[in-house]
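Right, one structure below, let's go through it.
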Amino acid sequence: MKRLSKSVGLFFVFILLFVFLVNPSVLAAEDSWVTKEPMPYLRRDFGVAVVDGKIFAIGGKYNDTWVGRNEMYDPETDTWTIMSSMPTARSDFAIAVYDGKIYAFGGATGPSYMEGGYVLTDATEVYDPETNIWRSKSALPMPRMSFNAHTVGDKIFTLSGAKLENTFMVYDFGVTEVYCPETDSWETKTPIPITVFGYASAAVGDEIFVIGGLRRGISYNVWLTKLNQVYNTKTDSWSNKTAPIVALYKSSAGVTTGVFAPEQIIVVGGIENSILKCFNTTQVYNPVNDTWRYGASMPTVRSSFGVAVVNDTLYAFGGSNNDQYHRENEQYFPTGYIPEFPSLVFLPFVLITVFVVALYRKRMTAKSQLLQ
């Protein structure tokens, strides 16, 4: 009997190791970070999109070099693959996914060599991961940068941002422009009440949450906004919800879906512009009860980085801490996370049942032979 118990115990250890190797997140702790394979290329202010569980990091800049680089990360294998570059090398653009394709809007293509100025583009380009091909689409109505885009229903909503005026950046552009991929056309909706750029944002249901960011007026004074402005895509109206705990600029945000973790918006990192200090803060917003709380801090202090959510875990990679660039790729498991069990995980339980039955039958056969 002791030999049987020992064998079963060893087999259970094997099963746990097998499960961990198939899906390491099974043993991950809630509200914790783990380190993954870093990005191949240093850069900041790039776009991030998820298609079929793969993460695409596109464009961005490194020092004074603007790139169209396109790197695909596979969370299952923890590997990166170089894909077809975006035709227009740019940073600070808006990005969204519709029908399995990635759309990139606007952004900056280089410095204007004027204080605070950039060269902006109105380019709209769409990428098909299946064919690895980029195509041009109807241009953004107004060239702008430092804004975000979100797909809700069959439309892509682009919100606020920064535009040029007299060769300088004037951050007072609050337009809401909506793109229809089916007709390749644009329409204008109600502008945001408090104009912002470099904000974090996320879509939950029919609403888009615009969190934090900077404002800049005609006098070129810049200040942080501690706001949570919410756009209802159905009613074309804006409202205010509870502001984040800390107001930061160039934070990044992702939203969990409620499948493997509670539905919530996770805002990480960012910079306090008046003191030019980056943070690794994790702020978690519950859109149901309109409350904020802190999560475990991101290991790397940074801003202007990419965030993606796959299976309700958040990946943060790239970015910079002032003049220091980062390639780090870190995965966050939110509070309430329940790991995804792949289909292979059920195979060991079938095997262990067969194993125990076989041992039991062998023991009973041996016992009956001794009695004869």
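Quick notes on this structure:
- Using θ = phi - 60° in the Karplus curve 6.51 cos²θ - 1.76 cosθ + 1.60, the 3J(HN,Hα) couplings for segment 318-329 round to x, x, 8, 10, 6, 8, 9, 8, 10, 10, 3, 10 Hz; x is entered for Gly and Pro.
- Burial ordering of THR131, THR88, fewest other beta-carbon atoms within 10 Å first: THR131, THR88
- Using 0.36 nm per residue and subtracting the Cα-Cα separation, the extra length available between ASP74 and ALA29 on full extension is 14.0 nm.
- Pairwise alpha-carbon distances in segment 30-340 exceed 26 Å for 39% of all pairs.
- Counting only the Cα atoms, segment 280-334 fills a convex hull of 84 Å³ per residue.
- Long pairs among LYS137/LYS226; LYS163/LYS241; LYS234/LYS277; LYS137/LYS189; LYS241/LYS277; LYS36/LYS101, criterion Cα-Cα beyond 28 Å: LYS137/LYS226; LYS234/LYS277
- Integer Hz, Karplus 6.51/-1.76/1.60 couplings in order for segment 265-281, x for Gly and Pro: 9, 10, 10, 10, x, x, 9, 9, 5, 5, 10, 6, 10, 8, 10, 10, 5
- Chymotrypsin sites (Phe, Trp or Tyr not before Pro) within segment 110-175, DSSP loop, no more than 15 other Cβ atoms inside 10 Å: TYR113
- From phi via Karplus (6.51, -1.76, 1.60), per-residue ³J(HN,Hα) for segment 55-63 in Hz, x at Gly/Pro: 9, 10, 9, 10, x, x, 8, 10, 6
- Calculated over segment 77-193: convex hull of Cα atoms, volume per residue (Å³): 133
No lab work stands behind these numbers, since they all come straight from the coordinates. Computed from a predicted structure; not experimentally measured. Using ideal geometry, Cβ is built from the backbone for each residue, glycine included, and neighbour counts are taken over all protein chains shown.
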